[in-house]
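Visitor: Below: one structure in structure tokens.
Values quoted throughout were computed directly from the atomic coordinates according to the rules given, and no laboratory measurement underlies them. As the structure is a prediction and not an experimental result, all values here were calculated from the model. Neighbour counts are summed over all protein chains in view; Cβ atoms, including those assigned to glycine, are modelled from backbone coordinates with ideal geometry.
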Amino acid sequence: QVQLVESGGGLVQPGGSLRLSCAASGFTFSTYAMNWYRQAPGKERELVASISSEGDPTNYADSVKGRFTISRDNAKNTMYLQMSSLKPEDTAVYYCSVRWRFVRYWGQGTQVTVSS
């Protein structure tokens, strides 16, 4: 079955960086677009970034453009989110996601906390 496992979250100071990873299995990773979402306390889950099956094109939410970079390694069945210049408002649980056979799948999420 489809499995998505995020890692790399943690506590970071404002202005710092983190790299999230999403290990995928159970489907042909290299043929599907992938997404990163996030959900802050009391807020709805929002789309942060998307990447096509081949790695280009990519798309970003306005709030993270120029600070976050989404990428993937199809040989490793892994997607990444490089986050830089982090702000307290980036604090959220970050989820990777794929829409496979008309069903959207989610990982368990990884917590990112930006605080001094």
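Visitor: Mind putting together the pair-distance distribution for the chain? All Cα pairs, 5 Å bins, whole percent per bin, short to long.
Guide: In whole percents, the pair-distance histogram is 2, 13, 24, 26, 19, 10, 5, 1, 0.
Visitor: Sticking with this structure for a sec: Along the charge dipole of the chain, Cβ charges K/R +1 and D/E -1, which of Thr113, Gly42, Leu18 sits furthest on the positive end?
Guide: Gly42
Visitor: Projected onto the charge dipole of segment 22-116 (+1 at Lys/Arg Cβ, -1 at Asp/Glu Cβ, origin at the Cα centre), which of Thr69, Gln82, Ser97 gives the Cα projection farthest towards the positive end?
Guide: Projecting each Cα onto the dipole axis, the largest value belongs to Ser97.
Visitor: Could you size up the charge dipole of the chain around its Cα centre, putting +1 on the beta carbon of Lys and Arg and -1 on that of Asp and Glu, and report it in debye to the nearest 20?
Guide: 140
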